[in-house]
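The values are calculated or read from the model by the stated rules, or taken from the named source; none is laboratory data. None of the values given here were measured: they were computed from a predicted structure. With ideal geometry, Cβ positions are generated from the backbone for all residues, glycine too; neighbour counts draw on all protein chains shown. Side chains included, ligands, DNA and RNA excluded: accessible areas come from the protein's heavy atoms. Shrake-Rupley method; radii C 1.70, N 1.55, O 1.52, S 1.80 Å.
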Amino acid sequence: MQEKRFGSKSEEEIDAEISKSTPWNTKKSRDSVWRQFSSFLKEKGYNLEQSTSPESLNTILKSWASNMKKKDGTDYKENVIKHMFNTTAKLVQEKYFNEWNIKINPFTDPCFKAARDARDATRRKLQTLPEKRTVNSAALTENEFLNMVQILNENTPDGLQKKFFLIASFELAWRGGEGASCFTYYFKPEIDNKGLTTGRIEYNPVFSKTAQGGSKPLTSSKWLTKNKDNPNLCPVRLYHLLMMKRRNNINTDRMFLTPNPFWNKIQNAVWYKNSPVGVNEIGKWVKSLAIVTGLDIKRRKISNHSVRSSAVSALAKAGVEEQQLMKITGHQNVNSIKPYLQLDDEHHKSIINKIRNNSVNHAFRRSKIIVRSPIKSTNQGNQTTVYMEEIKKLLNEFKKDLTDQMSKIRNGIRSDINEIKDEIKNMKREIKNNREEVKQIATDIDEMKIETAKKKRIYLSEYRQ
């Protein structure tokens, strides 16, 4: 009997595998949001049934977006409102499709516009409150970052992996939790055509032990390269040193491991235990180093994500274009990079000084100020009065010219805005006309189909006779 080529997994087994591959935190978050939404439905007397119209669903979601509250009755942060509304909308969409085969899309359907507007209005309201506003992780200056690296002793288990973590986070622009979930097989030493190592380390989370890059990469590979100018900060050297300290007792593939507290008390003791460092513990590394180096964490939000912000900001200041930044950060949309482009105090002061100098020099050139020689007077007091009047006159001329220039700039901006609005109106009008033309064409096609069918029936009738 010929063996079957393909597998025989049932639908239940496939669903179980899909569910198993879903991250636990995602499941927990979705379950939590649905429980709260269910409590909201019960309290408000709403029901989700097959007969519920899209308009009624819009009313329910609109009320949900405007009335979300914590258990104690206080408001959520604005980013939580966005997350909970979008998660709820997705779950409602899945419920109606899976249970009743009804297709709805709360994110794009026009009938759900009021619900989306209610979500955005709630977020805008909360953004006005400092305690409810989303705060991005602050970028570190070069000195702040180097101070953190310098206090780490790579001759200790804890210092070695934290030092590699900091430098790799910077050069690979790791997200806040990317290093915490990093595996050793994400890294591959580069091999040239002759089979020799090039000295570079390729990093790509798509790599696995069974299929090196077998699936389509989510992002382009990034590289750790040798730092010949400062070997102390060389990520390639630190990577090889960290791999060398992983003894045969290590079975886990997680990159960062729990240090052995007896590493220097027992001869030939291993540096690391066979257990990874907790995700929450790794999430505190940069913040802890910031405290040790004396940074004010109350005024600025310092986290592991700060290193990523520092890397992007440093590259932007060095003149790296946005498309190249996207390759490094892994973003698909250029707008996603903007929150990372933060100015440190020194760079901000430099830009402001340039603006001020250019503006003042331009204004003085436009006002044609002439420095006149002092008017002679036999009376010293009269001479001082003449000086003051001359200075006031020059300042008034300068102020008037500056006001005129600002007025011209404002008028120009208003004119540009009006032109853009007119263009948008024309585009909308053209789109409307095109839609009507498409509808007319569709109507003509339908009529042609009907006419063709009639002729076909007449022809068949005559043929049979």
Rounded to the nearest whole Å³, what is the per residue volume of the convex hull around the Cα atoms of segment 75-191? 232 Å³
Cut-off 12 Å (backbone N to label point 7 Å along Cα→Cβ of Glu11), residues of segment 74-115: 98-99
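Summing Lys, Arg as +1 and Asp, Glu as -1, what charge do residues with Cβ under 12 Å from the Cβ of Arg35 carry, Arg35 excluded? Provide the component values of the computation, followed by the final result.
Working: positive: Lys28, Arg30, Lys42, Lys71; negative: Asp31.
That sum, taken over residues with Cβ under 12 Å, equals +3.
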Can you pull the percent of segment 386-465's accessible area that's carbon plus sulfur, 1.4 Å probe, other chains left in place? 57 percent
Under a point spin-label approximation (7 Å from Cα along Cα-to-Cβ), what is the Ser53-Lys228 distance to one decimal in nm? 7.4 nm
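Take the solvent-accessible surface of the protein heavy atoms, probe 1.4 Å, and return the percent of it on segment 233-298 that carbon and sulfur atoms account for.
Of all accessible area on segment 233-298, carbon and sulfur atoms account for 52 percent.
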In angstroms, what radius of gyration and Dmax does segment 1-142 have, counting Cα atoms only? 19.6, 73
Packing-ranked peptide list from 41-51, 178-188, highest mean Cβ count within 10 angstrom first, is 178-188, 41-51
Subtract the Cα-Cα distance of Ile417 and Gln267 from 0.36 nm times their separation in residues, and report this length gain in nm to one decimal. 46.5 nm
Which chymotrypsin sites (Phe, Trp or Tyr not before Pro) in segment 84-130 sit in a loop by DSSP (not H, G, I, E or B) and have at most 13 other Cβ atoms within 10 Å of their own Cβ? Phe107
Going residue by residue through segment 327-337, the Karplus relation 6.51 cos²θ - 1.76 cosθ + 1.60 with θ = phi - 60° gives ³J(HN,Hα) values, rounded to whole Hz and with x marking Gly or Pro, of 5, 6, 7, x, 6, 9, 10, 5, 5, 6, 7
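In Å², what does the accessible area per residue of segment 121-164 work out to with a 1.4 Å probe?
53 Å²
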Principal axis dimensions, segment 385-465 - Cα atoms, whole angstrom, descending: 120, 8, 5
Considering amide H positions built from the backbone, and no H for Pro or chain starts, which residues 5 or more places from Thr258, or on another chain, come under 5 Å of its amide H? Lys273, Ser275, Val277
For segment 92-151, what % of the accessible area comes from carbon and sulfur atoms, probe 1.4 Å? 50 percent
Which order do the peptides 390-403, 145-158 come out in when sorted by mean C-beta neighbours inside 10 angstrom, highest first? 145-158, 390-403
Test item: Cα-centred dipole of segment 21-94, Lys/Arg +1 and Asp/Glu -1 on Cβ, debye: 280 debye
Tell me, in nm to one decimal, what length is gained between Val292 and Arg35 on full extension, where the rule is 0.36 nm per residue of separation less the Cα-Cα distance? 88.4 nm
Express in nm, to one decimal, how much length is gained between Glu190 and Asp75 on full extension, taking 0.36 nm for each residue of separation and deducting their alpha carbon distance. 36.3 nm
Sorted on mean Cβ neighbours within 10 Å (highest first), peptides 273-286, 6-19 come out as 273-286, 6-19
Under 5 Å between amide H atoms, partner at least 5 residues away or on a different chain: which partners does Arg200 have, H built in plane at 1.01 Å? Glu190
Once you place label points 7 Å from the Cα toward the Cβ at Asn433 and Ile391, how far apart are they in nm? 6.4 nm
For Trp223, enumerate residues with amide H under 5 Å from its amide H, sequence gap 5+ or separate chain, H modeled in the peptide plane. Tyr203
May I ask which residue of Ala115, Gly73, Ile102 lies farthest towards the positive end of the charge dipole of segment 56-132, with charges of +1 (Lys, Arg) and -1 (Asp, Glu) on Cβ and the Cα centre as origin? Gly73
